[in-house]
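> This is the structure I have questions about; it appears just below.
Readers should treat all values here as calculations from the given coordinates under stated rules, not as data from a laboratory. No experiment lies behind these values; they were computed from the predicted model shown. In this analysis, Cβ positions are derived from the backbone assuming ideal geometry, glycine residues included, and neighbour counts consider all displayed protein chains.
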Amino acid sequence: MNQRKLQGEDLPDNERIDSYLWDGTGEPNAEVQRLEKALLELRHRGAAPAFPLAVSLSEEKPGLGFLSLIWPRRFVALAAVSMIAIIGIAFALKKESLTSSRPGWEVALIDGTPVIGRHSMQGSGAKGKLEVGQVLVTNENSRANITVAEIGEIQVDPGSRVRLIQTSRDRKHIFLEEGTIHAAIWAPPGEFVVDTPSAVAVDLGCMYTLHVAPDGTGLLLTTLGWVGFHSNGRDSFIPAGAVCPTHHKVGPGTPYFSDASEAFRNALSQLDFGSLTDEARAGALQTILSQARKEDALSLWHLLSRTEGSERAQVYARFAEFVPPPQGVTRDGILQLDQRQLDLWWNALDLGDISIWRFWEQTGQPSKSQAIREQMRQKKEELLKQSR
Amino acid sequence: MIAAPPFAATDAELVRAAQRGDRNAFGALYERYAGMVHGILLGRVPASAVEDLVQDVFLKAMPRITSLRDPDHFGGWLAAIARNRAVDFFRESNAAPGHLEDVPQAEPKSTEAGGVEKTEADFVLAAIRQLPEAYRETLILRLVEGMTGPEIALRTGLTHGSVRVNLHRGMQQLRQILEGVEKSAVKR
């Protein structure tokens, strides 16, 4: 008997449902009450999980990308069928695929007993597979290492929950629900994405540490390359040596270099996440501007789009003292937040080419540039050298 | 920043907001529908696996919600995802759907003899799981999740008549199963 067969059916006139069983009204039915009481312990009580920010429709309907632009549709279909056949044969020949058909990444135990799905990893050298949809959980004594396809490594610290959302040729996507990970990635920028409850971290070719607290706030520290942090229409770019906090209801804050003065960092935090009076806000901004060093132009660039009116004009003036506006950038353009001019000025900081980010932002795809892929290959060599 | 939808928003309004990318709206849908998903899964997979699968169903539904044409059909659509997820669970674990006890419980209650102690809830759930699928699902939503008949109809997309049949006939059959269990226990 299935749902469809029963849909539309109703009880005959000579049968009446007990009103307490139907909607809890009328004379309490002792039998139903006894069952309700017995089964109460099985009732759903789980709190709502933090939902990933970066899940998009494109993940569900993978297209053939640029191929469809240059090949007629039937050739694309034929090529797709051929590819599926080739992949099928390759998988059939590969012994490992016999254990599980779902895509996933290898997990190696470092300490304790990490859990993947419902299976605990135990014993020195234990390995497991984190499949799409599964969660890797480490308790306070456990640590694990994830091999991210062929593009990097993630160390998962104690007290973490990491869910694998997607792994495909152009997209590796995890959701750090809580805890700390250290990622070393040599994929083309935009290929590796980490969702958190309060912002999405997009790898732009780098090593970084990402922490998510139980309340969903987070902190990202980049040690090599740079990372884009994105949520609620706010973008933050975090180059090596810089830190960026993120807040559940605000998104990413303003990044700063970790050696900036305490007063500078506190004032930024107030401006980003505090509920300030106009007077207090003006005071925080003055502290930032007076404490800023040349390196802190990183933070000032971000503040251009996070301030308004006279505040933005003050930030512009201080920023221009450190980094003279390049050709094509005008005061009026910046005060009106002209995207092209802001991007030109960012590139003048020499902290990373923002066109990579814009490409990801518009397409959700990693950069296709051969030059960038070559840079990533070199970065991989560099990372491997460092790890030896 | 997208504003949080009001508490009083209808399901269809929440679905439309979620389709525009509003995570708060999706969170509100979770609050309203997690019990239904939990109940559907509880009738099909081991109790120890249900909580994780509830989250998985919502994470699967989230990127697909833009493909839902009629927001009024959200409940039925989500219920179908939950039923499919239960099927996938057994496909992945190579266990037969009929053998729900095969998978160990997360925190089994050990007896002195070394066995696993069964609570009254386990016995009643095992009896409900012997019922036909439609009766089983509706009864779990009523008796475990505490939903009323009209609420079950609203959430799952079934008609009131269907829910009435499932509850009434399901309860009759459950009574027979439980009486049979009690009689055989007395004989022993």
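> What nm value, rounded to one decimal, do you get for the distance between A:Glu262 and B:Asn84 when each label is placed 7 Å out toward the C-beta?
It is 5.6 nm.
> For the pairs A:Lys127/A:Lys249; A:Lys129/B:Lys60; A:Lys249/A:Lys294; A:Lys172/B:Lys60; A:Lys249/B:Lys60, flag any whose C-alpha to C-alpha distance is greater than 26 Å. Walk me through the intermediate numbers first.
Working: A:Lys127/A:Lys249 38 Å; A:Lys129/B:Lys60 20 Å; A:Lys249/A:Lys294 31 Å; A:Lys172/B:Lys60 16 Å; A:Lys249/B:Lys60 24 Å.
Those over the limit are A:Lys127/A:Lys249; A:Lys249/A:Lys294.
> So how do A:Arg331, B:Arg20, A:Arg281, A:Arg171 line up by other beta-carbon neighbours within 10 Å, fewest first?
Going from sparsest to densest Cβ surroundings: B:Arg20, A:Arg331, A:Arg281, A:Arg171.
> Here's something else I'd like to know. Just check the range A:157-255 against the gyration tensor rule for me: Cα atoms, a ≥ b ≥ c as the square roots of the eigenvalues, rounded for a/c under 1.5, and otherwise prolate or oblate depending on whether a/b exceeds b/c.
Working: a/c = 1.36, a/b = 1.11, b/c = 1.22.
Rounded.
> Within the range A:129-221, list the GluC sites (Glu not before Pro) lying in a DSSP loop whose Cβ has at most 16 other Cβ atoms in a 10 Å radius.
Passing both the DSSP loop test and the Cβ count: A:Glu140, A:Glu150.
> Set Lys and Arg Cβ to +1 and Asp and Glu Cβ to -1, take the dipole of the range A:173-308 about its Cα centre, and tell me which of A:Gln291, A:Trp226, A:Gly190 lies farthest positive.
Of the options given, the answer is A:Gln291.
> I would also like to ask the following. Pulled fully out, how much extra length does the chain show between A:Val132 and A:Arg331, if you take 0.36 nm times their separation in residues and subtract their Cα-Cα distance?
Values: separation 199, 0.36 × 199 = 71.64 nm, distance 4.84 nm.
Working it through step by step, the gained length comes to 66.8 nm.
> May I ask you to sort A:His248, A:His173 by Cβ crowding, counting other Cβ atoms within 10 Å and putting the fewest first?
Working: A:His248 17, A:His173 22.
Going from least to most buried by this count: A:His248, A:His173.
> Give the shape of the range A:213-323 as rounded, prolate or oblate, defined through the alpha-carbon gyration tensor: a ≥ b ≥ c are the square roots of its eigenvalues, a/c under 1.5 means rounded, and otherwise the shape is prolate if a/b is larger than b/c and oblate if not. Don't jump to the answer; show the numbers that get you there.
Numbers: a/c = 1.62, a/b = 1.19, b/c = 1.36.
Since a/c reaches 1.5 but b/c is at least a/b, the shape of the range A:213-323 is classed as oblate.
> Let me ask another. Which order do B:Phe123, A:Phe237, B:Phe58 fall in if you start with the one that has the fewest other Cβ atoms within 10 Å?
Details: B:Phe123 14, A:Phe237 25, B:Phe58 22.
Least to most surrounded, the residues fall as B:Phe123, B:Phe58, A:Phe237.
> How well do other chains shield peptide B:35-46, expressed as the mean number of their Cβ atoms within 10 Å of each residue Cβ?
Average per residue, whole number: 2.
> List, largest first, the extents of the alpha carbons of the range B:116-188 along their principal axes, each in whole Å.
Taking the Cα atoms of the range B:116-188, the three principal extents are 44, 23, 16 Å.
> Right, another one. With each pseudo-label sitting 7 Å past Cα toward Cβ, what's the A:Ser275-A:Lys37 distance in nm, one decimal?
4.6 nm
> Rounded to whole Å and ordered largest first, report the semi-axes of the equivalent ellipsoid of the range B:1-98 derived from its Cα gyration tensor (root of 5λ).
Details: eigenvalues 146, 30, 25 Å².
After scaling each eigenvalue by five and taking roots: 27, 12, 11 Å.
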